[in-house]
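Undergrad: Dropping the structure in here first, questions after.
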Amino acid sequence: MQPLALMLRSVAVEGVEVQVLLDAGQSPHDFNLKMSDRRKLAAADLVVWVGPEMEPYLAKLVTDGNALALESMQESVPQPTGHTAAHQHHDHGDDKHLWLDPRRGAAMLVALGDALAQLLPERAAELRIRAAATSQAVKALLERPPSGAATRRYAVAHDAYSQFVEAFGFPAPVVIADSPELAPGVRTLMQAGARLQPGDCLLVDLNHRRKWVQKFASDHQLELIEVDIMGVDQQVTNYVDLLSGLLTVFEHCR
């Protein structure tokens with residue numbers, strides 16, 4: 001998927017071809033492989049995936065010998081010190097959006113550098129330098145100072161941000177739905193609305209704005225903001241851009 005392609009392109013050198021199975025706008029929650037996708041997987045020197053929890057359709061097609069799973073990366077980067085809620089623990093629940101965790105992403109970048117270095121030994125040093133530099137840039141985001149004390153709450157249209165908010169020390173959001181494909185019931189919407197005030201933020205995934213989202217924002221006078229968690233915006237050219245864009249949105253909604 002595109003977030004992992006952004007990681008890979010941040011490390012890769014000229015001549016490395018990166019192919020993405022998930023088209024822009026497609027959801028990883030209900031993706032189905034085509035025969036052409038299976039051929040691409042069979043021909044690939046390296047398969048980069050989140051793991052079987054997020055992408056079960058790949059589990060039987062990926063072999064350990066030529067694959068890297070984001071799920072297998074360890075969160076080795078310490079918690080941030082700048083944000084006021086940095087030591088607050090959030091329940092990850094069923095959140096499988098692991099690329100939004102910069103600690104895991106930083107480890108993945110280094111692993112990608114090592115994997116590509118094995119495939120291209122003549123450029124191993126350059127690949128590892130690029131991987132280390134990008135990994136360090138991701139870690140530096142964790143030391144970014146907060147924009148000020150929080151003055152408002154925010155809600156998210158679906159549960160995708162627990163990894164991100166814990167890593168950066170943001171307060172837990174009001175979660176309205178577990179999946180972007182399923183509209184919440186009336187009772188759920190009422191309970192969420194009771195926890196929000198006019199002027200608070202409602203974050204919705206880019207390309208997943210639904211009628212119920214717009215109505216909920218209008219009814220409760222919320223600021224509706226589209227968020228690019230998949231890196232489909234053409235202005236997002238690397239993994240650091242993806243995380244920086246999210247940080248800007250979350251700090252705006254403090």
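Undergrad: I'd like the full set of residues that are assigned to a loop (DSSP other than H, G, I, E, B), in contact with a helix residue (DSSP H, G or I) (Cβ under 9 Å, 6 or more places away or on another chain) and open to solvent by 40 Å² or more (accessible area, probe 1.4 Å), limited to segment 167-178. Reasoning before the result, please.
TA: Taking segment 167-178 and keeping what is assigned to a loop (DSSP other than H, G, I, E, B), we get 169-173, 176-178.
Those left that are additionally in contact with a helix residue (DSSP H, G or I) (Cβ under 9 Å, 6 or more places away or on another chain): 170-173, 176-177.
Correct list: Pro171, Ala172.
Undergrad: Val213 fails exactly one of the following numbered conditions: (1) surrounded by 19 or more Cβ atoms within 10 Å (Cβ to Cβ); (2) modelled with pLDDT under 90; (3) more than 30 Å from Arg9 (Cβ to Cβ); (4) of a type outside the set (Asp, Glu). What is the number of that condition?
TA: Only one criterion in (1) surrounded by 19 or more Cβ atoms within 10 Å (Cβ to Cβ); (2) modelled with pLDDT under 90; (3) more than 30 Å from Arg9 (Cβ to Cβ); (4) of a type outside the set (Asp, Glu) is unmet by Val213, namely (2).
Undergrad: Which condition from (1) surrounded by fewer than 18 Cβ atoms within 10 Å (Cβ to Cβ); (2) within 23 Å of the chain's Cα centre (by Cα) is the one that Val186 breaks?
TA: (2)
Undergrad: Could you list, in sequence order, the residues of segment 228-254 that are surrounded by fewer than 18 Cβ atoms within 10 Å (Cβ to Cβ), out of contact with any Gly (no Cβ under 9 Å at 6 or more places or on another chain) and over 20 Å from Lys139 (Cα atoms)?
TA: Correct list: Gln234, His252.
Undergrad: Now for a different question. How many residues, within segment 127-166, are open to solvent by less than 20 Å² (accessible area, probe 1.4 Å) and within 30 Å of Lys211 (Cα to Cα)?
TA: 12
Undergrad: Within segment 102-122, can one find any residue that is at pLDDT 80 or above, buried (at least 21 other Cβ atoms within 10 Å of the Cβ) and of a type in the set (Val, Ile, Thr)?
TA: No: segment 102-122 contains no residue that is at pLDDT 80 or above, buried (at least 21 other Cβ atoms within 10 Å of the Cβ) and of a type in the set (Val, Ile, Thr).
Matching residues to (1) modelled with pLDDT under 90; (2) in a loop (DSSP other than H, G, I, E, B); (3) closer than 30 Å to Val20 by Cα:
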site	(1), (2), (3)
Val165	no, no, yes
Pro180	yes, yes, yes
Ala192	no, no, no
Leu202	no, no, yes
His208	yes, yes, yes
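The values are calculated or read from the model by the stated rules, or taken from the named source; none is laboratory data. Because the structure is predicted, anything quoted here is derived from the model rather than measured. Positions of Cβ are backbone-derived with ideal geometry, glycine not excepted, and every protein chain shown enters the neighbour counts. Surface accessibility is based on the protein's heavy atoms, side chains included, excluding ligands, DNA and RNA. Shrake-Rupley method; radii C 1.70, N 1.55, O 1.52, S 1.80 Å.
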